[in-house]
Amino acid sequence: MVAENRIVVKVGSSLLVNEEHLTPSYAFIHGLLGDIAALRQEGKEVVLTSSGSVALGLGLLDLDPAEAGVQDKQAAAAVGQPYLLNVYKQVATEYGFDIAQVLITAEDLENRRRFLNTRNTITRLLERGILPIVNENDTVTTEEIRVGDNDRLAAKVGQMLMASKLLILTSIDGLYDRNPEEEGAQFVEKVHDVAEYLEVTKSTSSLGSGGMMTKMQAANMAQNAGCATLIAKGEIDSPIIAVLNGERRYTECVAEKDPASSWAVWLTDRLNMAGSITVRNNPARDIRSGEIGVRAQDVASIQGDFGKGDVLHIFDEDGLEVARGLTNFGSQEALILALNQDKTPKELLGYKASDVIINQKNLILLEERHLNWDQPVDDVLQVDEVSLD
């Protein structure tokens, strides 16, 4: 059930850090935490998802953001994160509350046990009156395994906490139907289907890792969990409350009235693709009708080096995504089962098991509300073409 008093606020680097000097924007941070203090007084539970550590760290290390590589950014995060938290700590103290740092990796959100542990931690902090400040742990992540943007990270936090609102503060006042610099661009007040706007939102800021496209992707994640997303310009004066009170315009991505369960939302809204399976078209129809899970005999191809318990994307032979589900086998074991359907799993794997790769109960069919992923074209093992000899 959605928690009506719970709000997740996401703030980007372009608001928190002076772009020219790569130093904290104290005026904005005062306005931000002042609003959070006021919301707390009203009984609201607020979680802040904050960028800024890498940008601040690049300034401390005297590195050009445009030329910084992965290792530069990891080092920048290591020095920038305590700097950013110290600024938050000082300002929060002036408003009479304390903060906590919660660093998250993509794996913390994609692994069910770690996801629940993270949720428990943040919930406990809220119960004790502490403001959780969430950021990706950029010091230890690489391009291949990172969340990649704090918009989707904030949406996952909103899902995790069953928040009623996700407020994304950015450098423009919301979504436009095309590049806002183009003549005739129209402001979009409400969005029901974010897929309509993905193609017109492909740009990023000079400091941030996400643009309006990642905000649309984040909004879709939040929608599925019954959480409305508000996208607005982060003004210095009353950056949060003016938006919530309707005093400043914003784009609202409307929440689903009938959200899926917490389990279904976690399983379907992925940050990265661990792997995928293409099933033959006839069994794909049976999967869509809810009659079966994914059996070894149905597999046409396997993509990715995944492990047992990973969430896989299931495609049909036409490249259309059918479902997502928890796999009972790693990629090598799944391939062995698919290649040797005349033998039992006991004979092939050395232990007793079913030949069902994904059980029906661990499979969620995709609906129109979900953004489909493209079928992978690299590192694909076609079952009919593979030999184990």
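Assorted remarks:
- Residue among T139, T344, T229 with the largest mean-square fluctuation in a Gaussian network model of the chain, springs linking Cα atoms under 10 Å: T344
- Helix 70-94 and the longest principal axis of the Cα set of the chain meet at an angle near 50°.
- With contacts taken as Cα pairs under 8 Å and at least 6 residues apart, the range 3-265 reaches a relative contact order of 23 percent.
- Residue-averaged [θ]222 nm for the chain, counting only DSSP H segments that reach four residues, each worth -39500 (n - 2.57): -10000 deg cm²/dmol
- Coil-residue trypsin sites (Lys or Arg not before Pro) of the range 269-362, DSSP, other Cβ within 10 Å capped at 11: K352
- In the chain, the longest principal axis of the Cα atoms and the axis of helix 26-41 are about 80 degrees apart.
- The simple Förster model, with R0 at 35 Å and r as the Cβ-Cβ distance, assigns E367 and D62 a FRET efficiency of 0.10.
- Relative to the longest principal axis of the Cα atoms of the chain, helix 212-224 runs at roughly 70 degrees.
- Of K156/K352; K44/K257; K10/K44; K215/K257, pairs whose Cα-Cα distance is over 25 Å: K156/K352
- Summary value for the range 258-328: 37 percent relative contact order, contacts being C-alpha pairs under 8 angstrom separated by 6+ residues.
- Gain upon complete extension [E199, A27; 0.36 nm per residue less C-alpha separation]: 58.5 nm
- Electrostatic tally near Q332: other residues with Cβ closer than 14 Å to its Cβ, Lys and Arg +1, Asp and Glu -1, net -3.
- Remark: the V254-R112 segment gains 48.4 nm on full extension, using 0.36 nm per residue and subtracting the alpha carbon distance.
- Taken along the Cα-to-beta-carbon direction at a fixed 7 Å, the label points for D384 and E317 span 0.6 nm.
- Per DSSP, loop trypsin sites (Lys or Arg not before Pro) in the range 162-204 with at most 15 further Cβ within 10 Å: R178, K202
- Charge dipole (debye, nearest 20) of the range 195-301; +1 at Cβ of Lys and Arg, -1 at Cβ of Asp and Glu: 280
- For the range 25-133, the list of GluC sites (Glu not before Pro) that fall in a loop by DSSP and count at most 12 other C-beta atoms within 10 angstrom reads E42, E67.
Any read-out appearing in this document is the output of simple, stated calculations on the displayed coordinates, not a laboratory observation. Because the structure is a prediction, the values reported are computed rather than measured. Virtual Cβ from ideal backbone geometry, glycine too; neighbours counted across all protein chains shown.
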